[in-house]
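Read the structure below first, then the notes.
The values are calculated or read from the model by the stated rules, or taken from the named source; none is laboratory data. Computed from a predicted model, the values in this text were never measured in an experiment. Cβ coordinates were reconstructed from backbone atoms using ideal geometry, including for glycine residues, and neighbour counts include every protein chain displayed.
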Amino acid sequence: MELIDQSLGQLARRISGATRLFDANQLDFCCGGNHSLRSAAAKAGIDPEPIASELRVLEGRTAPNSEHDWSDATVPALVEHILTRYHAVHREQLPELIRLARKVEQVHGERADCPHGLADHLAAMAQELESHMRKEEDVLFPLISQGHGSLAGAPITVLRSEHDEHGVALRHVNELTNDITAPATACTTWRALYAGLRVFRTDLVAHIHTENNILFERFAPAAVI
């Protein structure tokens, strides 16, 4: 079935970032989640095709087998891949996840199964991750791209330690969300939040793997323990 004929609710649950796109176009994916993109856009008096086009881009980012082995990539290619596939994507993901988490907590805060504190935790993660990515962009990546990899040991040690902290933060996300499993009675916004969280978790784990096990190993191999 074409994206344009799928319901807003289905698209919001399945495609990370769809909720941001729907909100920007004032399409109600929560209460009006049973409307197709075509009918919702017609009701709003807007062209659904540009929205469908953006949804295809978002969908392609998480399509199965969309990644390939970067072990033999050149340093410039690997750095560019990290910047575009992970850094840029995280900067899009987290503000939307924080917004959705705050909305869920505001609407369903009286429920025992509500992910209380999730929005604040994600906001803290966003701040820490932004600081981490800036260190890579401003220090490490220029250093190794300019052929000074022999000087990369110290910054890599710091970045590996921060990766460990990101892992701890992800585990706390799991604790707050029942391993990112929405309750059976969760609304569309809640389910969209958890769908986005699952994609973010997968992306961050892949990001850390690509750096720790591929890029960093070229300049400061980790001790085997």
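So here's what we get for this one:
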{"item": "Residue match in region 111-118 (condition: assigned to a helix (DSSP H, G or I), closer than 21 Å to CYS30 by Cβ and touching an Asp or Glu at 6+ places or on another chain (Cβ under 8 Å))", "result": "yes"}
{"item": "Residues of region 92-110 that turn out to be of a type outside the set (Val, Ile, Thr), closer than 14 Å to CYS187 by Cα and in contact (Cβ under 8 Å) with a residue 24 or more places away in the chain, as a count", "result": "4"}
{"item": "Odd one out for PRO221, checked against (1) surrounded by 15 or more Cβ atoms within 10 Å (Cβ to Cβ); (2) closer than 22 Å to LEU78 by Cβ", "result": "(1)"}
{"item": "Count - residues of region 31-44 that are surrounded by 14 or more Cβ atoms within 10 Å (Cβ to Cβ) and either charged (D, E, K, R) or not in a helix (DSSP H, G or I) (or both)", "result": "5"}
{"item": "Residue tally, condition loosely packed, with under 12 Cβ neighbours inside 10 Å and under 19 Å from the mean Cα position of the chain (by Cα), over region 130-163", "result": "2"}
{"item": "Among the residues listed as VAL57, VAL107, the single one being part of a helix (DSSP H, G or I) and assigned by TED's automatic domain parsing to the domain that holds HIS207", "result": "VAL107"}
{"item": "Within region 130-144, tally of residues that are closer than 30 Å to HIS108 by Cβ and either hydroxyl-bearing (Ser, Thr, Tyr) or touching an Asp or Glu at 6+ places or on another chain (Cβ under 9 Å) (or both)", "result": "0"}
{"item": "Test for THR177: is it buried (at least 18 other Cβ atoms within 10 Å of the Cβ) and at pLDDT below 95", "result": "no"}
{"item": "Conditions (1) surrounded by fewer than 18 Cβ atoms within 10 Å (Cβ to Cβ); (2) in a helix (DSSP H, G or I); (3) not small (Gly, Ala, Ser); number of the one not met by ASP28", "result": "(2)"}
{"item": "Within region 170-225, tally of residues that are over 29 Å from GLU80 (Cα atoms) and acidic (Asp, Glu)", "result": "2"}
{"item": "Hits in region 45-60 - residues which are modelled with pLDDT under 95, surrounded by fewer than 17 Cβ atoms within 10 Å (Cβ to Cβ) and among the aliphatic types (A, V, I, L, M)", "result": "VAL57"}
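Residue-wise test of (1) in contact with a helix residue (DSSP H, G or I) (Cβ under 7 Å, 6 or more places away or on another chain); (2) of a type in the set (A, V, I, L, M, F, W, C).
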| site | (1), (2) |
| --- | --- |
| GLY117 | yes, no |
| ALA123 | yes, yes |
| GLU136 | yes, no |
| SER150 | no, no |
| ARG201 | yes, no |
